[in-house]
Amino acid sequence: MKNNLSSTAIVIPLYNEESVIEAVLKELRQKYPQYVLIVVDDNSTDKSIEKACIKDVYLLHHSVNLGQGAALQTGIEYAKEIGCRYVVTFDSDGQHDPDDIALFVQTLQNDEADIVLGSRFLGKTQNMPLRKKYLLQASRVFTWMTTGLWLTDSHNGLRAINIEKFPQFEITQNRMAHASEIISIIKTLKMRYVEKPCNIRYTEYSMEKGQSMFNSINIIIDYFVGNMMK
Amino acid sequence: MIFIKFLLIAILTLAFVIFSFSSRLKIFQKLVVIAGYGVVFFLILYPSYADEIAHLVSIKSGTDLIVYIVLALMALMTMVLYVGQNNNNKMITKIIRETAKKDAKKCQ
């Protein structure tokens with residue numbers, strides 16, 4: 001199945017984003033015509049899947065809602081199958097700035113790291129709600145306690161991964177605990193990592209869909225139980 | 001024999017019959033379950049023995065002993081069910097993922 005379409009794939013997990021997904025994909029396509037766009041629809045109940053079907057986008061569909069982690073892993077596996085070397089993970093809600101991707105991919109191409117992690121605290125992120133800021137600081141401490149890695153932003157969806165060098169990179173946490181799992185994978189596989197600035201666009205829409213405090217507890221439980229079951 | 005004993009034995013017998021016909025346990029596991037049912041039957045019929053066993057392990061009454069055992073067994077059962085469900089989830093994820101990759105389409 002390998003046909004080397006492009007060395008880089010942008011994987012976008014999608015769930016109920018009918019109002020923004022088309023604009024997100026068009027912006028990505030316009031800025032990165034040379035990259036493969038892989039959208040993994042996680043069984044959306046709205047018209048997201050129709051809106052996501054724009055020219056040259058590879059569209060995959062989960063027949064059951066599995067979670068963002070599962071959608072990312074499906075996209076990563078598909079990118080490997082079609083012969084991509086690098087994978088960029090990108091949120092579908094319009095929070096990420098496509099302009100940041102170039103630096104991430106360049107860092108991998110220059111072999112400066114095996115995985116590049118986005119950090120909103122190094123970038124020019126504005127309008128970040130205070131509650132979100134504290135939650136992210138708490139997650140930094142949690143990540144440090146569980147993995148020993150002290151990151152400035154441990155739960156950022158924008159990442160670039162060298163999947164050619166690390167084909168064994170595999171997300172097993174189906175839901176939101178995948179972000180913590182990725183940090184564990186970095187440690188386990190001894191991947192060279194670097195954080196790069198990224199700009200998060202906080203809008204009313206994205207804040208409405210954001211993670212609640214209660215969900216953070218679920219993430220912690222999922223993470224520990226998932227590790228126990230490995 | 002009081003009514004509650006009849007009721008408990010009837011429920012237990014029904015559970016045992018359903019279990020016998022539907023479970024896919026190995027022979028050793030079946031023996032453990034049968035032994036468990038046997039102990040419960042015995043304690044329903046002769047509850048005073050529960051007190052004697054409880055005293056042997058420094059527990060005040062047979063009722064307390066049974067409550068402790070039931071709690072421990074329920075915790076164990078929850079864990080076993082969780083592991084089973086987790087394995088099923090993994091299999092479901094694999095099937096859905098393979099189907100998604102097989103049916104991937106390039107939009108025109």
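The values are calculated or read from the model by the stated rules, or taken from the named source; none is laboratory data. If you're wondering where the values come from, they're calculated on a predicted model, not measured in any experiment. Cβ placement follows ideal geometry from the backbone for every residue including glycine, while neighbour counts extend to all protein chains displayed. Areas reflect the complete protein model, heavy atoms only, side chains present, ligands, DNA and RNA absent. Shrake-Rupley method; radii C 1.70, N 1.55, O 1.52, S 1.80 Å.
Quick rundown of the values:
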read-out: For the stretch A:1-98: span of alpha carbons on each principal axis (Å, largest first); value: 33, 28, 21
read-out: Whole-number accessible area per residue in Å² for chain B, which is evaluated in the context of all protein chains at 1.4 Å; value: 79
read-out: Whichever lysines have a C-alpha closer than 18 Å to that of A:LYS190, once near sequence neighbours (fewer than 8 apart) are set aside; value: A:LYS165
read-out: Pairwise centroid distance, computed over Cα atoms, of the stretch B:35-108 with the stretch A:138-193, Å; value: 33
read-out: Relative contact order for chain A, counting Cα pairs under 8 Å that sit 6 or more residues apart, in percent; value: 23
read-out: For the stretch A:72-85, Karplus couplings with θ = phi - 60° (6.51, -1.76, 1.60), whole Hz, Gly/Pro x; value: 4, 5, 4, x, 5, 4, 5, 4, 5, 4, 8, x, 7, 8
read-out: Top of B:THR93, B:THR63, B:THR13 by mean-square fluctuation, Gaussian network on chain B, Cα under 10 Å; value: B:THR93
read-out: Charge dipole (debye, nearest 20) of the stretch A:1-104; +1 at Cβ of Lys and Arg, -1 at Cβ of Asp and Glu; value: 480
read-out: Accessible surface buried once A binds B (1.4 Å probe; total of both sides; Å²); value: 1700
read-out: Accessible area per residue, Å², chain A with all protein chains present, probe 1.4 Å; value: 44
read-out: GNM top mover of A:ASP91, A:ASP100, A:ASP111 - chain A, alpha-carbon springs below 10 Å; value: A:ASP111
read-out: Dipole of the protein assembly as shown [Lys/Arg +1, Asp/Glu -1 at C-beta], most positive-end residue of A:HIS178, A:LEU72, B:LEU14; value: B:LEU14
read-out: Evaluated over the stretch A:111-174, the Cα radius of gyration and Dmax, each in Å; value: 13.6, 39
read-out: Under the span-like rule (Cα at least 20 Å along the axis, Kyte-Doolittle mean at least 0.0), DSSP H helices of chain B; value: B:3-22, B:27-45, B:62-102
read-out: Pairs from A:LYS187/B:LYS106; A:LYS124/B:LYS105; A:LYS187/B:LYS90; A:LYS187/B:LYS26; A:LYS26/A:LYS80 whose Cα-Cα separation, in the structure shown, is over 31 Å; value: A:LYS187/B:LYS106; A:LYS124/B:LYS105; A:LYS187/B:LYS26
read-out: Reduction of at least 50 Å² in accessible surface, 1.4 Å probe, comparing all protein chains with the chain by itself, residues of the stretch A:40-64; value: A:LEU59
read-out: Long-range amide H partners of A:LEU37 with built H, under 5 Å; value: A:ILE10, A:TYR58
read-out: Chain B, accessible surface, carbon-and-sulfur percent (1.4 angstrom probe); value: 73
read-out: Reachable lysines from B:LYS60, criterion Cα separation under 30 angstrom, eight or more residues apart if same chain; value: B:LYS5
read-out: Residue with peak Gaussian network fluctuation, chain A [Cα springs, cutoff 10 Å], from A:GLY94, A:GLY123, A:GLY83; value: A:GLY123
read-out: With every protein chain in place, the stretch A:1-121: carbon and sulfur % of accessible area (1.4 Å); value: 45
read-out: Chain A - mean residue ellipticity at 222 nm from DSSP helices (-39,500 (n - 2.57) per run, n ≥ 4, rounded to 500); value: -12000 deg cm²/dmol
read-out: Projected-area average for chain A over all orientations - Cα convex hull basis, square nanometres; value: 11.8
read-out: Dipole moment magnitude, nearest 20 debye, the stretch A:151-230 about Cα centre, only Lys, Arg, Asp, Glu C-beta charged; value: 300
read-out: Sum of -39500 (n - 2.57) over DSSP H runs of 4+, divided by residues of chain B (222 nm, nearest 500); value: -29000 deg cm²/dmol
